[in-house]
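Before we start, here is the structure in question, set down as structure tokens.
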Amino acid sequence: GALVYQYPRRTICKSGTSMRMECQAVGFQATSVAWYRQSPQKTFELIALSTVNSAIKYEQNFTQEKFPISHPNLSFSSMTVLNAYLEDRGLYLCGASMGQSNERLFFGHGTKLSVL
Amino acid sequence: GDSVTQTEGLVTLTEGLPVMLNCTYQTIYSNPFLFWYVQHLNESPRLLLKSFTDNKRTEHQGFHATLHKSSSSFHLQKSSAQLSDSALYYCALSIDTNAYKVIFGKGTHLHVLP
């Protein structure tokens, strides 16, 4: 079956430092990968949508300079949170699909980021 | 812009009673795809239902929903709630046919009491 492995599951970083999270798709071709952030008590905010062989589209309030994303092939994507601060706390989820809008998103387990 | 509205933040009901979680959406796209995702405590969201066909009932695991484009609604229903149904439920909208993008509602926490 189709699975998405996301790691690390939890991470703690000092304020001003950076951390990288990765997603691995198994059992299907992850043509599109969407990265979301679920801040405490909030819903999922789309950070950016990455499609292989296309430019990465960042949503308003999120930038490549802050959240650089790599999507080099159909099974792997990574995102880095640069210079993390308290407002960057939350659960970061990657959701992968085969790229058509009627396809379900397969989510990783999420990376819970705490910032000290 | 495109959005999803879930009016209830918390729904509390007793086991055995019917469930209805509201979802309405807004989009200029004429053929949206609607989804319900469920997120149990300490787990990632998983797909519960999806639909893109107007006025057609979709069912899975006892839950059902019908997309009504006339009212831009996709309410989630179940005839009899179970304790294990307690979770966060997110209604979501897909609008981009070229590159997959999903917009989530704020979520409704369903709390089923014994």
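The values are calculated or read from the model by the stated rules, or taken from the named source; none is laboratory data. Worth saying up front: this structure is predicted, and the values here are computed from it rather than measured. As a convention, Cβ positions derive from the backbone with ideal geometry for all residues, glycine included, and neighbour counts pool all protein chains shown.
What about A:T63, is it over 29 Å from B:P32 (Cα atoms), more than 12 Å from chain B (Cβ to nearest Cβ) and at pLDDT 95 or above? Spell out how you get there, then give the answer.
On the way: over 29 Å from B:P32 (Cα atoms): no; more than 12 Å from chain B (Cβ to nearest Cβ): yes; at pLDDT 95 or above: yes.
Taking the combined requirement at face value, the residue does not satisfy it.
Do we find that A:A34 is assigned to a strand (DSSP E or B), within 11 Å of chain B (Cβ to nearest Cβ) and in contact (Cβ under 8 Å) with a residue 12 or more places away in the chain in this structure?
On the way: assigned to a strand (DSSP E or B): yes; within 11 Å of chain B (Cβ to nearest Cβ): yes; in contact (Cβ under 8 Å) with a residue 12 or more places away in the chain: yes.
Here the answer is yes, as A:A34 does meet what is asked.
Among the residues of segment A:44-53, are any more than 9 Å from every other protein chain (Cβ to nearest Cβ), at pLDDT 90 or above and either closer than 25 Å to B:T5 by Cα or not in a strand (DSSP E or B) (or both)?
Filtering segment A:44-53 down to residues more than 9 Å from every other protein chain (Cβ to nearest Cβ) leaves A:47-48, A:52-53.
Going one step further and asking which of them are at pLDDT 90 or above, we end up with A:47-48.
Of the ones still in play, those that are also either closer than 25 Å to B:T5 by Cα or not in a strand (DSSP E or B) (or both) are A:47-48.
Checked against the condition, which is being more than 9 Å from every other protein chain (Cβ to nearest Cβ), at pLDDT 90 or above and either closer than 25 Å to B:T5 by Cα or not in a strand (DSSP E or B) (or both), segment A:44-53 yields at least one hit.
Still on this structure: What is the number of the single condition among (1) among the aliphatic types (A, V, I, L, M); (2) free of Cβ contacts under 8 Å to residues at least 40 places away in the same chain; (3) over 22 Å from B:L48 (Cα atoms) that A:L46 does not meet?
(3)
Just to check your reading of the model, which residue among A:Q64, A:Q60 is out of contact with any strand residue (DSSP E or B) (no Cβ under 9 Å at 6 or more places or on another chain) and free of Cβ contacts under 8 Å to residues at least 60 places away in the same chain? Please lay out each step first, then the result.
Numbers: A:Q64 fails: out of contact with any strand residue (DSSP E or B) (no Cβ under 9 Å at 6 or more places or on another chain).
After ruling out the rest, the residue left standing is A:Q60.
Something else now. Applying the selection to segment B:75-109, what residues are within 14 Å of chain A (Cβ to nearest Cβ) and in a loop (DSSP other than H, G, I, E, B)?
Listed by number, the residues that qualify are B:I95, B:D96, B:T97, B:N98, B:A99, B:Y100, B:K101, B:G105, B:K106, B:G107.
Out of segment A:23-71, which residues are at negative phi and among the small types (G, A, S)? If you could, list the steps in order and put the result at the bottom.
Start the filter on segment A:23-71 by keeping residues that are at negative phi, which leaves A:23-26, A:28-40, A:42-52, A:54-60, A:62-71.
Within segment A:23-71, A:A25, A:A30, A:S32, A:A34, A:S39, A:A48, A:S50, A:S54, A:A55, A:S70 meet the criteria.
Any idea which residue in segment A:27-71 is nearest to the chain's Cα centre (by Cα), counting only those that are among the hydrophobic types (A, V, I, L, M, F, W, C) and surrounded by 22 or more Cβ atoms within 10 Å (Cβ to Cβ)?
Applying the filter and picking the extreme gives A:W35.
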